[in-house]
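Derivation of every value follows stated rules applied to the coordinates shown; laboratory data play no part. Note that the structure is a prediction, hence the values are computed from the model and not measured. Quick reminder, even Gly has a Cβ in these numbers, built from the backbone with ideal geometry, and neighbours come from all protein chains shown.
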Amino acid sequence: MPAKKTAIKRKSNSAAQDGKVGKKVKVSHKSHGKEPGQVLVLGQGDVGQLGHGEDVLQRKKPSLVSLPEKIVQVTAGGMHTVCLSDTGTVYTFGCNDEGALGRDTTEGSEMVPGKVVLDEKVVQVSAGDSHTAALTEDGSVYVWGNFRDNNGVIGLLEPLTGSTVPVKVPVTVPVVKIASGNDHLVLLTVEGSLYSSGTGEQGQLGRVAENFSDRGGRRGLGRLLVPQLVTVKGKVHFTDAFCGAYFTFAVSKQGDVYGFGLSNYHQLGTKDIKTHFFPVKLECFKNSTTSWVEFSGGQHHTVCLDAEGQVYSLGRAEYGRLGLGQEAEETIEPRLVKGLEPVSGVECGASVSFAVTGEGSVYAWGMGTNLQLGTGEEADEWSPVKMTGKQLENRAVLMASSGGQHTVLLVKANQES
């Protein structure tokens, strides 16, 4: 049955406006409410993802981005950057070929930060290769840009149609968290349910069987692009969700970890290397005596954080992305990354990894080719290295985000400085 293109009109009063979302329900989640600070960038910036204008195409060390407001969240897409201010305003810069910046860049303004016009206060943002999403304080979600699969553009909310400006996502339940993979979006609702949309080729939606994963099968792209419920056997209440490039993790209220998507290097923690098109309970995360609080996935690896502030990694080992030393090989189960102080947050780029400590330092490891690690060199790092630089002096790092070729840091001045 073909998708009903009329079900989602960009400027219509869709179900999202008729349902609970429109009742100004204040949403909160542990991913929201970061401290305000400033933005540092490093790595490659040939399409403007560093926000320094046309004359600065790379930075070996962290450099300050000029923004008009204090920032509470940064997120790096494949080739663009998204910053959320303490007033709930979104700023973007970088590649806008598919509309991922959500604003007009006809005057060449993609190389510097510009404001996305949204009438609502945003509390969280996420970004993929060619799309950006924003969660508002009442639990609504807006998206802009495009999703792509191996054959090209598939659309955003309507088949083969992207959007260069924010479009409201049709969900009838307030959303409390959003997460983006390269080309998929996951929504966690206030009721503890998961919805997903985007590309499903690698199983990353967790709700589309393999025989329908190629552009939705007979029902067409609407099967993929309209956010729909991810179902799990038994009654499961999810409390958090995270995305890798082509896979998804979800944590239940009971502390179980579920995963779906690509696991060709065991990046999901499965013993097999099959693609999992529906959620599986990941037994490898039950061996710990502590609970898991954060996951971040690159292209073929995963870094995870437990409640004790310890970092573990699994998946592909090439280029040092696991941080387990030069002799490390592909690993099926989470292995402890040594040499770190207690950590408050983890982050993966495609082939790089980061850990932000509770004391405000950031450690990096993995592929050095794009200068994302902040060492000033293009050499790979097989174990965690503390990032240094003039702009990091007397500043504490609050969070890190990494895209295809660049890294973004949110920092604040140290109290004693």
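Could you name the aspartates and glutamates in cross-link range of K121, using Cα to Cα under 12 Å and dropping any fewer than eight places away on the same chain?
Excluding near neighbours in sequence, the set is D86, E137, D138.
If a paramagnetic tag sat 7 Å from the Cα of N394 along the Cα-Cβ line, which residues of the stretch 47-78 would have the backbone N under 16 Å from that point?
So the set is 64.
How many nm separate the modelled label positions at T369 and R335, each set 7 Å beyond the Cα in the direction of the Cβ?
In this crude spin-label approximation the distance works out to 2.3 nm.
I'd like the FRET efficiency for E283 and K26, computed as 1/(1 + (r/R0)^6) with the beta carbon distance as r and R0 of 45 Å, rounded to 0.05. Let's see the in-between values first.
Numbers: r = 37 Å, r/R0 = 0.82.
It comes out at approximately 0.75.
Could you run the Karplus curve 6.51 cos²θ - 1.76 cosθ + 1.60 with θ = phi - 60° over the stretch 156-167 and give me ³J(HN,Hα) per residue in whole Hz, x for Gly and Pro?
Running phi through 6.51 cos²θ - 1.76 cosθ + 1.60 with θ = phi - 60° gives 10, 10, 10, x, 6, 10, x, 8, 8, 10, x, 10 Hz.
With a ≥ b ≥ c the root eigenvalues of the C-alpha gyration tensor of the stretch 126-219, is it rounded (a/c under 1.5), prolate (a/b larger than b/c) or oblate?
Oblate, since a/c reaches 1.5 and b/c is not below a/b.
Hey, quick one: spin label on V117, modelled 7 Å out along Cα-Cβ, who in the stretch 46-89 has an amide N within reach, i.e. under 18 Å?
89
Given +1 on the Cβ of Lys and Arg, -1 on the Cβ of Asp and Glu, and no further charges, what dipole in debye does the chain carry about its Cα centre, rounded to the nearest 20?
Numbers: 41 positive and 45 negative charges, 335 e Å.
I would put it at about 1600 debye.
Which is farthest toward the positive dipole end of the chain among A100, V122, Q58, measuring Cα position about the Cα centre, with Cβ charges +1 (Lys, Arg) and -1 (Asp, Glu)?
In the chain, that residue is V122.
In nm, what is the difference between 0.36 nm times the number of residues separating A209 and E318 and their Cα-Cα distance?
Full extension from A209 to E318 adds 36.2 nm.
Dipole size in debye (nearest 20) for the stretch 299-387 around its Cα centre, Lys and Arg Cβ +1, Asp and Glu Cβ -1? Before the final figure, lay out the partial values.
Values: 5 positive and 14 negative charges, 21 e Å.
Using only the charged Cβ atoms, the result is roughly 100 debye.
Among (i) 19.8, 64; (ii) 22.6, 80; (iii) 36.7, 160, which is the computed Rg and Dmax of the Cα atoms in Å?
(i)
In whole Å, how far is the Cα centre of the stretch 209-266 from that of the stretch 308-353?
24 Å
If I take R0 = 30 Å and measure r between the Cβ atoms of K271 and K61 in this structure, what FRET efficiency does the formula 1/(1 + (r/R0)^6) give, to the nearest 0.05?
On the way: r = 41 Å, r/R0 = 1.37.
Efficiency for this residue pair is about 0.15.
Which of the GluC sites (Glu not before Pro) across the stretch 74-115 are loop residues per DSSP, with 12 or fewer other Cβ within 10 Å?
On the way: sites: E98, E107, E110; in loops: E98, E107.
For GluC sites (Glu not before Pro) across the stretch 74-115 that sit outside H, G, I, E and B with at most 12 neighbouring Cβ atoms in 10 Å, the list reads E107.
Mind listing the phi-derived Karplus ³J(HN,Hα) values for the stretch 332-343, rounded to whole Hz, using 6.51, -1.76 and 1.60 with θ = phi - 60°, and x for any glycine or proline?
Each residue's phi maps through the Karplus curve to give 8, 10, x, 10, 5, 8, 8, x, 10, 6, x, 9 Hz.
What ³J(HN,Hα) values, in whole Hz, does the Karplus curve 6.51 cos²θ - 1.76 cosθ + 1.60 give for the stretch 116-121 when θ = phi - 60°, with x put for Gly and Pro?
For the stretch 116-121, the Karplus-derived couplings read 8, 7, 9, 7, 10, 6 Hz, x marking Gly and Pro.
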